[in-house]
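A short worksheet on the structure shown next.
The values are calculated or read from the model by the stated rules, or taken from the named source; none is laboratory data. Just so you know, these numbers come straight off a predicted model, no measurement behind them. We place every Cβ from the backbone using ideal geometry, glycine too, and count neighbours over all the protein chains shown. Keep in mind that these areas ignore ligands, DNA and RNA; they rest on the heavy atoms of the full protein, side chains included. Shrake-Rupley method; radii C 1.70, N 1.55, O 1.52, S 1.80 Å.
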Amino acid sequence: MKITLKDGSVLEVENGKTAGEIAKSISEGLFRNAVCARVDGELVDLSRAIDRDCALEIVTLKEKDGLNVFRHTASHVLAQAVKAVFPTCKLAIGPVIENGFYYDIDFKTPINKDDLGKIEAEMNRIIKSDLPIERFTLSRRDALRMMDNFGEPYKKELINDLPKDAEISFYKQGDFVDLCRGPHMPSTGRIKAFRLTSITGAYWRGDEKNKMLTRIYGTAFEKKSELEEYLAKVEEAKKRDHNKLGRELGLFMTEEVVGQGLPLLMPKGAKMMQILTRFVEDEEERRGFMLTKTPYMAKNDLYRISGHWDHYRDKMFIVGDENDPDVLALRPMTCPFQYQIYKNGLKSYRDLPCRYAETATLFRKEASGEMHGLIRVRQFTLSDGHIVCTPDQVEEEFKRCLDLSYYFLDCLGLKEDVTFRFSKRGKSDKAKYIDNDKAWQETEARMKTILDDLGLDYVEADGEAAFYGPKLDVQIKNVYGKEDTLITLQLDFAAGHSFGMTYVDENGEKQVPFVIHRSSIGCYERTLALLIEKYAGAFPLWLAPVQFKVLSVTERSAAYADSVAKELEALGLRPEADNRNEKIGYKIREARLAKVPYIFVVGDKEAEEGTLSVWSRKDGDLGVMKKEDAFSKVVMEDKTKKV
């Protein structure tokens, strides 16, 4: 049979040769480094026999797919070790994630982080044993019987959920067997450097109605040096974690009696939120957006029209009995409310585009296991907005929205940290989306044209669209490398028809407008979390909740320190005077730990001469400056929003 390699060359090989044998025939080095293979685009084990002409690629750890297979094998070693140390536990799932893997496990007796050492020791024993990893398949009946004999109820549930025609495969290493589609490494001995990193709780299948399982996280690398480098980065990330640092800086807190996903912004955090919202609202107004203020809840009738009741209800907080015809629900979005404002009065094509914006408090029923600090919450604040326009205006308005988001990202210093994802319906589960194939095809094609015209470097993702249309997601990673959506721009082909929105065109005929959904800066809470991590709490001057500390050296200079602070306040700046009876060195150290952008020290001489001893977090000691010169410098820095 003929095997076409990645470089285009063709090998003639004996029928039935495995991918591993073919790799070895090419080069011993390639075989030693091989993790799995790709046959006609499909990842397979190296032990897979090939019985037809095909395209073959040998996958190594240099590829992301290879590293994922390597780590997935490590997750099976973790599961085998856990079963050896805790025989009564039940296994759930063990997928690969961005920087490693995890396994969800149901323990009869809860374990803690101290138990990870015992599990790692057993993993090392399994790796040292270099157990061959073998794939086999079973019929559904035999698969269920085997998992029943093993006492694995979660695996039985997974098997029952597989499509009727699915091939049910297992992997065996020693006396351990796990349900898995694969592929895997040839043996456990191929795992080199690994570490179990943390332990937490997770609901089975992410549903808080299900049992809470124990999730063990780990990672694995080819070399010990790579593992150590990664772990050092994780330790550095922990120092920047907004969930830790934001609390230490007094920006936000959570309280159990308030509830999960409901953070409390403290005065400094609330001040930063106020700075951001005023900045965004002012800029949006300059760019032609009209401010709205709409209710936090509505009757289910409104959400039925929008489609959210059918497609998004499981994410909504419903107030009262769902079967009550007048039942209310907290809003997960503002779009249907702003559509009602648009419909208030006849619109001409001359009135379009209508650009509506709102700093909106929204509510979404996130699962308990999904929530994290300020990044994923149940009540949040969104820079929400909708443009109602003619079809001819869509491309220009979309570009204007993206330009606005670019401006905000630039001012925040986040522009270089984002990537773009074109989120489509694709061929995924169509039940999640409005059923109109023609509209989906046309709208997805239209968005692709816009993105290509803009020259955006984006990835496409099927199954990530909104239920009413495709979207451009501006993606960003947190300090641990987990990706989230920061900003989104969406094309909606359905809202105009659903809500009966119209405008009168130049020929005097009624037409249905197009709708663009956009969040100019995204969720403020998530943005604040990312800013805490980006700057490790050392915010740019214009964003800092406290911009200046004015420190008096003695009681005699306290009155001058107070007057300096009042003058800064009169300039619209945010100072704090510190006139405590403490040594000046102590007060300076404390101000630096608080990551204040500027420290002004004033003693008798400064008070007498009208000067300031200036220290800048960015530039260090700037010496003694005339008060007017120092004020002029910081006012300009604040105004230009330098980062």
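Some notes on this structure:
- Val377 fulfils the conditions (1) over 30 Å from Trp204 (Cα atoms); (2) touching a residue at least 60 places away in the same chain (Cβ under 8 Å); (3) not aromatic (Phe, Trp, Tyr) except for a single criterion, (1).
- Of all residues in the range 183-204, those being outside any loop (DSSP other than H, G, I, E, B) and either open to solvent by less than 10 Å² (accessible area, probe 1.4 Å) or not charged (D, E, K, R) (or both) number 14.
- Asp351 vs. criteria free of Cβ contacts under 8 Å to residues at least 12 places away in the same chain and surrounded by fewer than 16 Cβ atoms within 10 Å (Cβ to Cβ): no
- For the range 323-359, taking the residues that are of a type in the set (S, T, N, Q) and more than 20 Å from Glu396 (Cα to Cα), the one that is farthest from the chain's Cα centre (by Cα) is identified as Asn344.
- Taking every residue in the range 606-635 that is over 16 Å from Val550 (Cβ atoms) and pairing it with any residue that is open to solvent by less than 40 Å² (accessible area, probe 1.4 Å), at least 6 positions away or on another chain, the pairs with Cβ-Cβ distances below 8 Å are Lys618/Pro597; Asp621/Val614; Gly623/Ser613; Gly623/Val614.
- Only one of the listed residues (Val69, Val77, Val35) is of a type in the set (A, V, I, L, M), open to solvent by less than 50 Å² (accessible area, probe 1.4 Å) and out of contact with any helix residue (DSSP H, G or I) (no Cβ under 6 Å at 6 or more places or on another chain). That residue is Val69.
- With respect to (1) of a type outside the set (Gly, Ala, Ser); (2) surrounded by fewer than 18 Cβ atoms within 10 Å (Cβ to Cβ); (3) modelled with pLDDT of 95 or more; (4) outside any loop (DSSP other than H, G, I, E, B), the lone exception for Thr214 is condition (2).
- The range 12-27 residues that are touching a residue at least 60 places away in the same chain (Cβ under 8 Å), paired with ones that are open to solvent by less than 40 Å² (accessible area, probe 1.4 Å) (beta carbon under 7 Å, 6 or more apart): Gly20/Ala34; Gly20/Leu46
- For Leu530, the conditions (1) free of Cβ contacts under 8 Å to residues at least 40 places away in the same chain; (2) open to solvent by less than 40 Å² (accessible area, probe 1.4 Å); (3) of a type in the set (A, V, I, L, M) all hold with the exception of (1).
- Qualifying residue in the range 534-549 (condition: crowded, with 19+ Cβ neighbours inside 10 Å, part of a strand (DSSP E or B) and either in contact (Cβ under 8 Å) with a residue 60 or more places away in the chain or in contact with a Gly (Cβ under 9 Å, 6 or more places away or on another chain) (or both)): yes
- Criterion: within 33 Å of the chain's Cα centre (by Cα) and either without any contact (Cβ under 8 Å) to a residue 12 or more places away in the chain or loosely packed, with under 15 Cβ neighbours inside 10 Å (or both) - qualifying residue of Asp7, Asp40, Asp45, Asp53: Asp40
- Residue in the range 305-314 that is part of a loop (DSSP other than H, G, I, E, B) and either surrounded by fewer than 18 Cβ atoms within 10 Å (Cβ to Cβ) or not acidic (Asp, Glu) (or both) present: yes
- Those residues of the range 40-89 which are touching a Ser or Thr at 6+ places or on another chain (Cβ under 7 Å), of a type in the set (A, V, I, L, M, F, W, C) and under 16 Å from Arg190 (Cα atoms), in sequence order: Leu46, Val77
- Criterion: touching a Lys or Arg at 6+ places or on another chain (Cβ under 8 Å) and either among the small types (Gly, Ala, Ser) or buried (at least 16 other Cβ atoms within 10 Å of the Cβ) (or both) - qualifying residue of Arg574, Arg592: Arg574
- Scanning the range 370-389 for residues that are out of contact with any Gly (no Cβ under 6 Å at 6 or more places or on another chain), more than 16 Å from Ile521 (Cα to Cα) and open to solvent by 20 Å² or more (accessible area, probe 1.4 Å) gives Glu370, His372, Gln379.
- Filtering the range 598-643 to residues that are outside any strand (DSSP E or B) and on the phi > 0 side of the Ramachandran plot leaves Gly610, Lys641.
- Residues of the range 433-451 that are among the charged types (D, E, K, R) and free of Cβ contacts under 8 Å to residues at least 12 places away in the same chain: Asp435, Asp437, Lys438.
- Among the residues of this structure, Leu245 counts as one that is in a helix (DSSP H, G or I), of a type outside the set (D, E, K, R), touching a residue at least 12 places away in the same chain (Cβ under 8 Å) and open to solvent by less than 60 Å² (accessible area, probe 1.4 Å).
Each row is one residue, and each column tells you yes or no for (1) out of contact with any Pro (no Cβ under 6 Å at 6 or more places or on another chain); (2) open to solvent by 10 Å² or more (accessible area, probe 1.4 Å); (3) within 30 Å of Leu276 (Cβ to Cβ).
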{"position": "Lys432", "(1), (2), (3)": "yes, yes, no"}
{"position": "Lys438", "(1), (2), (3)": "yes, yes, no"}
{"position": "Ile487", "(1), (2), (3)": "yes, no, yes"}
{"position": "Gln490", "(1), (2), (3)": "yes, yes, yes"}
{"position": "Phe493", "(1), (2), (3)": "yes, yes, no"}
{"position": "Ser498", "(1), (2), (3)": "yes, yes, no"}
{"position": "Gly508", "(1), (2), (3)": "yes, yes, no"}
{"position": "Glu525", "(1), (2), (3)": "yes, yes, yes"}
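- Selection within the range 88-147: residues that are over 25 Å from Thr200 (Cα atoms), touching a residue at least 40 places away in the same chain (Cβ under 8 Å) and charged (D, E, K, R). The member of this set that is surrounded by the most Cβ atoms within 10 Å (Cβ to Cβ) is Arg135.
- Count of residues meeting criterion [assigned to a strand (DSSP E or B) and either among the basic types (Lys, Arg) or open to solvent by 20 Å² or more (accessible area, probe 1.4 Å) (or both)] in the range 510-522: 4
- Verdict on Lys627 being open to solvent by less than 70 Å² (accessible area, probe 1.4 Å), more than 40 Å from the chain's Cα centre (by Cα) and over 18 Å from Tyr535 (Cβ atoms): yes
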